[in-house]
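First the structure, in the form of structure tokens, and then the observations on it.
The values are calculated or read from the model by the stated rules, or taken from the named source; none is laboratory data. Quick caveat: nothing in here was measured; it's all calculated off a predicted structure. Note that we place each Cβ from the backbone using ideal geometry, even for glycine, and neighbour counts take in every protein chain shown.
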Amino acid sequence: MAADTSDRFVKGQTALVVPVPEADPVVRGWRERYDPAARAGVPAHVTVLFPFLHASLVDDRTCAALDEIFGRHPSFDVRFEECGRFPGVLYLAPVPETPFRRLTEAVVDRWPETPPYGGKYDPHPHLTIAQGQDDTVLDEVEAGLRPGLPLSARVPTVDLVVHSGTEWQHRASFALR
């Protein structure tokens with residue numbers, strides 16, 4: 001989720017994310033300290049689409065459409081070998097990133113009114129570790145992460161998460177084929 005929006009999450013916002021629990025042993029402590037999304041209940045993940053539809057618009061038909069969309073995409077393996085940066089943000093870069101881009105494109109093709117990051121940024125698949133920090137802190141976090149890399153993970157699902165007004169909560173999972 002975008003670095004400059006994490007302090008502005010609002011009740012009813014939704015996101016589609018790929019959870020990466022295999023990363024937790026390496027990233028959890030850093031994320032809890034330096035990623036507001038982690039403190040708000042978002043697990044280690046790669047964002048497919050944020051924001052998605054408001055929770056009031058997500059019904060059984062929406063979930064069935066998501067299930068159908070994601071069911072057309074194969075599950076895949078991913079590696080996180082190195083860090084990358086946006087201004088004030090440190091992240092792990094997934095390899096390959098193309099499957100994540102295809103998931104995003106498929107959802108946006110169905111719901112063009114939901115451009116990634118509200119149209120502010122081009123989507124760039126990543127697993128955020130720290131945000132809103134200066135380069136000195138990001139350098140420290142990156143040095144602390146390096147011994148735990150590379151990480152490998154399997155991507156079998158995409159999760160729908162909803163902001164309750166105070167935290168992000170899991171609402172549904174959609175299997176990849």
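Counting only residues that are part of a helix (DSSP H, G or I) and of a type in the set (S, T, N, Q), which one in segment 98-116 is nearest to the chain's Cα centre (by Cα)?
Thr104
What is the number of the single condition among (1) part of a strand (DSSP E or B); (2) at pLDDT below 95; (3) of a type in the set (D, E, K, R) that Asp122 does not meet?
In the conditions (1) part of a strand (DSSP E or B); (2) at pLDDT below 95; (3) of a type in the set (D, E, K, R), Asp122 misses (1) alone.
A quick yes/no check of all residues on (1) free of Cβ contacts under 8 Å to residues at least 24 places away in the same chain; (2) assigned to a loop (DSSP other than H, G, I, E, B); (3) not β-branched (Val, Ile, Thr):
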position: Val48; (1), (2), (3): no, no, no
position: Pro51; (1), (2), (3): no, yes, yes
position: Glu68; (1), (2), (3): yes, no, yes
position: Asp77; (1), (2), (3): no, no, yes
position: Phe80; (1), (2), (3): no, no, yes
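Could you pull out the residue among Glu142, Glu97 that is acidic (Asp, Glu), modelled with pLDDT of 95 or more and buried (at least 18 other Cβ atoms within 10 Å of the Cβ)?
Glu142
Does Asp134 satisfy the criteria of being farther than 20 Å from Val48 by Cβ and surrounded by fewer than 18 Cβ atoms within 10 Å (Cβ to Cβ)?
When the stated conditions are applied, Asp134 passes them.
Identify, by number, the condition in (1) free of Cβ contacts under 8 Å to residues at least 40 places away in the same chain; (2) within 21 Å of Pro51 (Cα to Cα); (3) out of contact with any Gly (no Cβ under 7 Å at 6 or more places or on another chain); (4) of a type outside the set (Lys, Arg) that Ala93 doesn't meet.
With respect to (1) free of Cβ contacts under 8 Å to residues at least 40 places away in the same chain; (2) within 21 Å of Pro51 (Cα to Cα); (3) out of contact with any Gly (no Cβ under 7 Å at 6 or more places or on another chain); (4) of a type outside the set (Lys, Arg), Ala93 is out only on (3).
Take the residues in segment 124-177 that are among the basic types (Lys, Arg) and under 16 Å from the mean Cα position of the chain (by Cα); name whichever of them is farthest from Ala65 (Cα to Cα).
Out of the qualifying residues, it is Arg154.
Just one of (1) within 17 Å of the chain's Cα centre (by Cα); (2) part of a helix (DSSP H, G or I) trips up Arg85, so point out which.
Of everything listed in (1) within 17 Å of the chain's Cα centre (by Cα); (2) part of a helix (DSSP H, G or I), Arg85 misses just condition (2).
Based on what the data block shows, is Tyr91 farther than 24 Å from Leu66 by Cα, surrounded by 13 or more Cβ atoms within 10 Å (Cβ to Cβ) and aromatic (Phe, Trp, Tyr)?
Answer is yes for this residue.
Within segment 131-170, track down each residue that is of a type outside the set (S, T, N, Q) and assigned to a strand (DSSP E or B).
The answer is Leu151, Ala153, Arg154, Val155, Val158, Asp159, Leu160, Val161, Val162, His163, Trp168, His170.
So Leu57 ticks every box in (1) touching a residue at least 40 places away in the same chain (Cβ under 8 Å); (2) of a type in the set (A, V, I, L, M, F, W, C); (3) surrounded by fewer than 21 Cβ atoms within 10 Å (Cβ to Cβ) but one. Which box is left unticked?
So the condition that Leu57 fails would be (1).
Among the residues of segment 53-66, how many are outside any helix (DSSP H, G or I) and among the aliphatic types (A, V, I, L, M)?
2
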